[in-house]
Amino acid sequence: MDLSELERDNTGRCRLNSPVPAVCRKEPCVLGVDEAGRGPVLGPMVYAICYCPKSRLADLEALKVADSKTLSESERDRLFAKMEEDGDFVGWALDVLSPNLISTSMLGRVKYNLNSLSHDTAAGLVQYALDQGVNVAQVFVDTVGMPETYQERLQKRFPGIEVTVKAKADALYPVVSAASICAKVARDQAVKNWQFVEKLQDLDTDYGSGYPNDPKTKAWLRKNVEPVFGFPQFVRFSWRTAQSILEKEAEGVLWEDLPTEDQEGQGRITSYFNEKPGDRPHLPHRYFQERGLESATSL
């Protein structure tokens, strides 16, 4: 899977897709939707669709696709390669959402929560398949939130398509299992080959599972928090785990318009520039490096 576009710029989102099989433009198709990486505090979330003609669904089932969470990494890679080999009747597309995009969406002035972002991404991929000429007749979706509400929303957007939204759809419908495998293979590769734009000292890429309750992930977060600028863009800073570490490990901000009694115990952000004996050494943040800025020792 070629994720070079994401590796060049992992601050937003990128879409990847296979060629559309000619048969999928002619015959009615089933399409599955699933995601990987919704819960972790590290790395992107990947949404995927997979589709094939209804007449070839048995051939897709014969590949022994299954919920990606029940498969090893090597099994997922093997099955994805097999789907690529069967590109004459199987197609797929991905939308890779960076941690930066997820967090800025959730913490923006106008809040855009993870459920809404997930629903819109899934609907966008279905629309993308239609725009590419895929003859979509049925859509199966692994639910996010209440399946009834989600299904009603998708059915209104795509009135000419039969939509089914179920919990654990990746274990119920082979076409959703196939989408699950596509999403997981893409996320695993994205995390493994993540390009850090920050110049981190002694970078340790053993982050654990990336889930908020993993002690190894928490230790990595504590080690790589920058006192003023926070976390690398690999981190979803909107997650409560990340916010808690920021509150403990990073510098507090002293707002000039706060009442005096609210400022007690808070340090000034300018203390970041004043190294004291015993402080751990650190490289200047990339904000300063890119602009050629250095701390002034005298005026």
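Screening Thr205 on (1) buried (at least 20 other Cβ atoms within 10 Å of the Cβ); (2) hydroxyl-bearing (Ser, Thr, Tyr); (3) at pLDDT below 90 shows it passes everything except condition (1).
Listed here are the residues, each with its yes/no results for (1) open to solvent by 50 Å² or more (accessible area, probe 1.4 Å); (2) among the hydrophobic types (A, V, I, L, M, F, W, C); (3) in the same structural domain as Ser18 (by the TED database).
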residue: Asn100; (1), (2), (3): no, no, yes
residue: Tyr112; (1), (2), (3): yes, no, yes
residue: Thr121; (1), (2), (3): no, no, yes
residue: Gln127; (1), (2), (3): yes, no, yes
residue: Leu130; (1), (2), (3): yes, yes, yes
residue: Gln138; (1), (2), (3): no, no, yes
residue: Val144; (1), (2), (3): no, yes, yes
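Mind checking whether some residue in the stretch 63-84 is in contact (Cβ under 8 Å) with a residue 60 or more places away in the chain and touching a Cys at 6+ places or on another chain (Cβ under 6 Å)? Scanning the stretch 63-84 turns up no residue that is in contact (Cβ under 8 Å) with a residue 60 or more places away in the chain and touching a Cys at 6+ places or on another chain (Cβ under 6 Å). May I ask you to list the residues in the stretch 231-253 that are over 15 Å from Trp220 (Cα atoms) and open to solvent by 40 Å² or more (accessible area, probe 1.4 Å)? Passing the criteria: Arg240, Glu247, Glu251, Val253. Every residue in the stretch 56-108 that is among the charged types (D, E, K, R) and under 20 Å from the mean Cα position of the chain (by Cα), please. Result: Asp67, Lys69, Glu73, Arg76, Asp77, Asp95.
The values are calculated or read from the model by the stated rules, or taken from the named source; none is laboratory data. Quick caveat, the model's predicted, so the values are computed rather than measured. Neighbour counts run over all protein chains shown; Cβ positions are idealised from the backbone, glycine included. Accessible surface is based on the protein model in full, side chains and every heavy atom, while ligands, DNA and RNA are left aside. Shrake-Rupley method; radii C 1.70, N 1.55, O 1.52, S 1.80 Å.
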